[in-house]
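Student: Sharing a structure with you now.
The values are calculated or read from the model by the stated rules, or taken from the named source; none is laboratory data. Because the structure is predicted, anything quoted here is derived from the model rather than measured. As a convention, Cβ positions derive from the backbone with ideal geometry for all residues, glycine included, and neighbour counts pool all protein chains shown.
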Amino acid sequence: MPDPEDRGAVGAMRNGLDTVAERLARYLAGRSSRRSALARLGGWAAAVPAFPLLPVWRRDARAAAPAAPSPFAAKAQAKDDTKCDYWRYCAIDGNLCTTCGGGVHSCPPGTHPSPTSWIGTCFNPQDRRSYLIAYRDCCGQDACNEQNCLGSDGDLPTYRPQANNDIIWCFGTGSLLYNCSTAVIVGTAE
Amino acid sequence: MLADRRSRATRRVSRALAAASVVTLLAVQGPARAAEPILQTEESDIVRLPPGGPHRVLVEDAVYRHSKDGRVYVVDLDTGRLLGMVQAAYNANMVADPAGKAFYVAETTWERGNRGKRHDMLAAYDPRTLEQVADIDLPGRALITPKKPDMAIGADGHYVYVYDSSPTNAVHVYDTGLKSVVRTVDVPGCALIYPWGNAGFSSICGDGSLANVRMDAKGTPALTRTPPFFVPDRDPVFEHSPEIAASGHVWFMSYSGLIYEATLGAQSSIAKPWSIQEAAGLKAASDARAPFEVTWRPGGWQLAALRARDSHLFVLMHKGTFWTHKDAGSELWELDLKTHRLVRRIPLAARSMMVGVTQDAQSRIMLTDEAGDLMVLDGADGKPVRKIGALGDALIFTAAPGE
């Protein structure tokens with residue numbers, strides 16, 4: 001999976017892939033038996049929906065780039081995921097897994113990711129799009145306590161649990177001891 | 001030759017001085033040893049605290065750096081001394097009996113440290129011996145960076161309420177007389193506990209309404225709902241909104257600084273909100289619809305404290321945009337809840353995430369800082385009284401007698 005923040009090249013690739021896929025399908029339809037064409041089309045039908053899931057960059061389709069929607073977003077950066085002002089951390093509360101032996105979507109060894117999380121919406125200053133970010137906690141060891149950050153964009157109290165960053169999101173991981181937090185892109189917020 | 005003589009003379013003087021000092025030492029020590037009795041042998045014992053006054057408080061330390069090891073400190077604000085502590089493991093909560101008869105800690109451990117069977121527990125402590133007078137298993141409890149209203153106690157101290165969120169939103173009701181959980185009340189879609197009377201509580205619900213639970217003599221609950229009175233996505237009310245449990249009054253404070261005075265009961269009523277910024281002669285602050293506006297806003301963890309005897313509210317304030325609701329306060333605003341007027345603004349030497357206040361006539365204000373110090377101010381004028389240096393690690397909330 002390419003890095004969604006480096007989307008210029010990916011966008012071009014996607015347009016190219018669409019064109020290639022269409023031409024290939026037409027070519028095959030003209031040259032193959034009906035059964036074989038159906039089989040091949042079936043294969044493409046399974047594959048094609050995956051392409052729009054690839055990050056999309058339609059620079060020309062976006063006449064005016066949207067402004068940063070929040071004070072955090074206005075100051076966020078997209079280079080260093082070990083710093084609190086990294087764009088995906090707009091609503092993170094806790095230790096950055098990137099400084100605990102893990103990565104932005106990876107748990108450190110010896111810990112386990114929770115299948116549950118709460119979802120924030122963060123603005124990427126590089127492509128000026130908002131993304132849904134799942135703050136999945138890594139659990140099973142006590143607090144890693146390296147770089148601790150508190151982003152509170154859109155953070156609501158615990159009576160709105162799906163938007164609260166104080167809940168220990170370690171359900172389903174064995175012990176609910178909190179080690180660190182990841183910030184996983186789970187979709188666009190547009 | 002002259003040098004030799006001088007050297008010999010110097011050595012003689014040195015020897016004489018040394019002998020004189022030995023004699024002096026003997027002279028000082030000899031008679032003293034004779035006069036002072038030999039120290040007696042001792043027995044090990046345990047301190048039993050004298051009855052506490054209004055300035056003996058409980059302070060919860062969540063120890064964020066290794067949160068498995070939380071604790072509750074018993075502190076004397078007059079001497080600045082730590083009188084004792086009890087364990088309060090992993091996102092614990094605590095409440096004190098209104099009459100000071102006991103205090104309760106809800107905590108969570110695993111049998112093998114960070115693994116094994118989970119135990120959610122409720123311990124009751126004698127406030128003078130700090131010994132457990134009850135220690136039971138709970139059916140569960142919500143694991144949340146502790147918010148004070150995740151646990152509560154009724155006005156007469158009979159019921160202790162513990163909030164749970166997994167698998168469903170519910171409140172476990174502990175009977176302090178029977179020393180057992182007697183009921184679990186479901187509060188679907190709602191969270192937190194704001195007690196009223198001896199056998200009732202309200203929870204805040206996700207749509208901005210309240211769920212009110214009244215239990216009858218048998219403990220059977222009846223649930224009512226208020227209409228929504230705020231819009232959570234726009235301007236939610238803080239969990240740490242201050243309450244007088246005895247009268248069931250809560251002053252729900254919103255992120256932007258609106259105060260909704262609520263009289264809780266089976267039919268809770270909520271008054272029209274007013275702005276603490278307007279009370280201070282400023283413009284009311286923006287909500288989430290205009291997040292960039294920089295102005296004075298409430299923020300912190302236990303960010304507000306109430307002194308019931310004169311209805312004065314102390315709120316930690318900082319300058320910032322919307323969504324800075326967890327920023328530490330650089331000023332403490334004292335407001336009169338009856339007149340909706342600002343009494344004074346108290347600039348703080350260090351930014352604080354927590355404010356507490358004692359309820360007596362010579363009240364004390366408690367603040368903290370990043371170093372885990374506990375700062376004590378005079379409740380009459382906000383002047384510093386003392387700093388209890390490095391009391392803990394992450395001081396998150398306080399419980400003062402009679403609050």
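Student: Among the listed residues B:Asp97, B:Asp120, identify the single one that is of a type in the set (Asp, Glu) and under 21 Å from B:Ser166 (Cβ atoms). Lay out the reasoning, then the answer.
Tutor: Values: B:Asp97 fails: under 21 Å from B:Ser166 (Cβ atoms).
The unique qualifying residue is B:Asp120.
Student: Taking the criterion of being surrounded by 18 or more Cβ atoms within 10 Å (Cβ to Cβ), among the hydroxyl-bearing types (Ser, Thr, Tyr), closer than 25 Å to B:Phe238 by Cα and within 11 Å of chain B (Cβ to nearest Cβ), would at least one residue in region A:105-115 satisfy it?
Tutor: No, region A:105-115 contains no residue that is surrounded by 18 or more Cβ atoms within 10 Å (Cβ to Cβ), among the hydroxyl-bearing types (Ser, Thr, Tyr), closer than 25 Å to B:Phe238 by Cα and within 11 Å of chain B (Cβ to nearest Cβ).
Student: Within the group A:Gly151, A:Gly120, which residue is under 13 Å from the mean Cα position of the chain (by Cα), of a type in the set (Gly, Ala, Ser) and crowded, with 22+ Cβ neighbours inside 10 Å?
Tutor: Sole residue among the options that is under 13 Å from the mean Cα position of the chain (by Cα), of a type in the set (Gly, Ala, Ser) and crowded, with 22+ Cβ neighbours inside 10 Å: A:Gly120.
Student: Moving to a separate point now. Exactly one condition in (1) closer than 30 Å to A:Asp142 by Cβ; (2) loosely packed, with under 13 Cβ neighbours inside 10 Å is not met by B:Ala99; state its number.
Tutor: Condition (1) is where B:Ala99 drops out.
Student: Hey, among the residues in region A:147-174 that are touching a helix residue (DSSP H, G or I) at 6+ places or on another chain (Cβ under 7 Å) and more than 8 Å from chain B (Cβ to nearest Cβ), which one's nearest to B:Val237 (Cα to Cα)? Steps first, answer last, please.
Tutor: So in region A:147-174, the residues touching a helix residue (DSSP H, G or I) at 6+ places or on another chain (Cβ under 7 Å) come out as A:147, A:149, A:151, A:153-156, A:167.
The next check asks that each one be more than 8 Å from chain B (Cβ to nearest Cβ); those that pass are A:147, A:149, A:151.
Details: A:Gln147: 29, A:Cys149: 23, A:Gly151: 18 Å.
The residue in question is A:Gly151.
Student: Can you tell me which residues in region A:169-186 are surrounded by fewer than 21 Cβ atoms within 10 Å (Cβ to Cβ) and at pLDDT 95 or above?
Tutor: A:Val184, A:Ile185, A:Val186
Student: Here's a follow-up. Among the strands (runs of 3 or more DSSP E) contained in region B:320-380, which hold 1 or more residues that are in contact with a helix residue (DSSP H, G or I) (Cβ under 9 Å, 6 or more places away or on another chain)?
Tutor: Details: elements: B:329-336, B:341-352, B:355-357, B:364-368, B:374-378.
Output list reads B:329-336, B:341-352.
Student: Failed condition for B:Ala271, given (1) of a type in the set (A, V, I, L, M); (2) in contact (Cβ under 8 Å) with a residue 12 or more places away in the chain; (3) surrounded by fewer than 15 Cβ atoms within 10 Å (Cβ to Cβ), with all others met?
Tutor: Status for B:Ala271: all satisfied but (2).
Conditions (1) assigned to a strand (DSSP E or B); (2) within 14 Å of chain A (Cβ to nearest Cβ); (3) touching a residue at least 60 places away in the same chain (Cβ under 8 Å); (4) farther than 29 Å from A:Gln162 by Cα, marked per residue:
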residue: B:Leu122; (1), (2), (3), (4): yes, no, no, no
residue: B:Ile136; (1), (2), (3), (4): yes, no, no, yes
residue: B:Pro139; (1), (2), (3), (4): no, no, no, no
residue: B:Pro149; (1), (2), (3), (4): no, yes, yes, no
residue: B:Gly157; (1), (2), (3), (4): no, no, yes, yes
residue: B:Pro167; (1), (2), (3), (4): no, yes, no, no
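Student: So, restricting to strands (runs of 3 or more DSSP E) that lie completely within region A:99-159, which ones have at least 2 residues that are of a type in the set (A, V, I, L, M) and modelled with pLDDT of 95 or more?
Tutor: Details: elements: A:118-124, A:129-135, A:137-139, A:148-150.
Qualifying strands (runs of 3 or more DSSP E): A:129-135.
Student: How many residues, within region A:175-190, are assigned to a loop (DSSP other than H, G, I, E, B) and more than 9 Å from every other protein chain (Cβ to nearest Cβ)?
Tutor: Of the residues in region A:175-190, the ones assigned to a loop (DSSP other than H, G, I, E, B) are A:175-177, A:182-183, A:189-190.
With the extra rule that they be more than 9 Å from every other protein chain (Cβ to nearest Cβ), the set shrinks to A:182-183, A:189-190.
Total meeting the criteria: 4.
Student: If we keep just the residues of region B:170-189 that are buried (at least 19 other Cβ atoms within 10 Å of the Cβ) and not hydrophobic (A, V, I, L, M, F, W, C), which is farthest from A:Thr116 (Cα to Cα)?
Tutor: Only one residue fits best here, namely B:Thr176.
Condition check ((1) out of contact with any strand residue (DSSP E or B) (no Cβ under 7 Å at 6 or more places or on another chain); (2) crowded, with 20+ Cβ neighbours inside 10 Å; (3) not β-branched (Val, Ile, Thr)) across all residues:
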| residue | (1), (2), (3) |
| --- | --- |
| B:Ala285 | no, yes, yes |
| B:Gly299 | no, yes, yes |
| B:Ala308 | no, no, yes |
| B:His312 | no, no, yes |
| B:Asp336 | no, no, yes |
| B:Leu342 | no, no, yes |
| B:Arg345 | no, no, yes |
| B:Val357 | no, yes, no |
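Student: For the structure I just gave you, tell me whether B:Pro236 is away from every other protein chain (no Cβ under 13 Å) and of a type outside the set (S, T, N, Q).
Tutor: Numbers: away from every other protein chain (no Cβ under 13 Å): no; of a type outside the set (S, T, N, Q): yes.
It is false that B:Pro236 is away from every other protein chain (no Cβ under 13 Å) and of a type outside the set (S, T, N, Q).
Student: Still on this model: In region B:147-169, is there at least one residue being buried (at least 18 other Cβ atoms within 10 Å of the Cβ), in contact with a Lys or Arg (Cβ under 6 Å, 6 or more places away or on another chain) and charged (D, E, K, R)?
Tutor: Step one: filter region B:147-169 for residues buried (at least 18 other Cβ atoms within 10 Å of the Cβ), giving B:147-155, B:157, B:159-165, B:169.
Filter again for in contact with a Lys or Arg (Cβ under 6 Å, 6 or more places away or on another chain), leaving B:162, B:164.
Right, trim to charged (D, E, K, R) and you get B:164.
Scanning region B:147-169, I find at least one residue that is buried (at least 18 other Cβ atoms within 10 Å of the Cβ), in contact with a Lys or Arg (Cβ under 6 Å, 6 or more places away or on another chain) and charged (D, E, K, R), so the answer is yes.
Student: Going residue by residue through region B:47-61, is there one that turns out to be at pLDDT 55 or above, away from chain A (no Cβ under 14 Å) and assigned to a helix (DSSP H, G or I)?
Tutor: Checked region B:47-61: no residue is at pLDDT 55 or above, away from chain A (no Cβ under 14 Å) and assigned to a helix (DSSP H, G or I).
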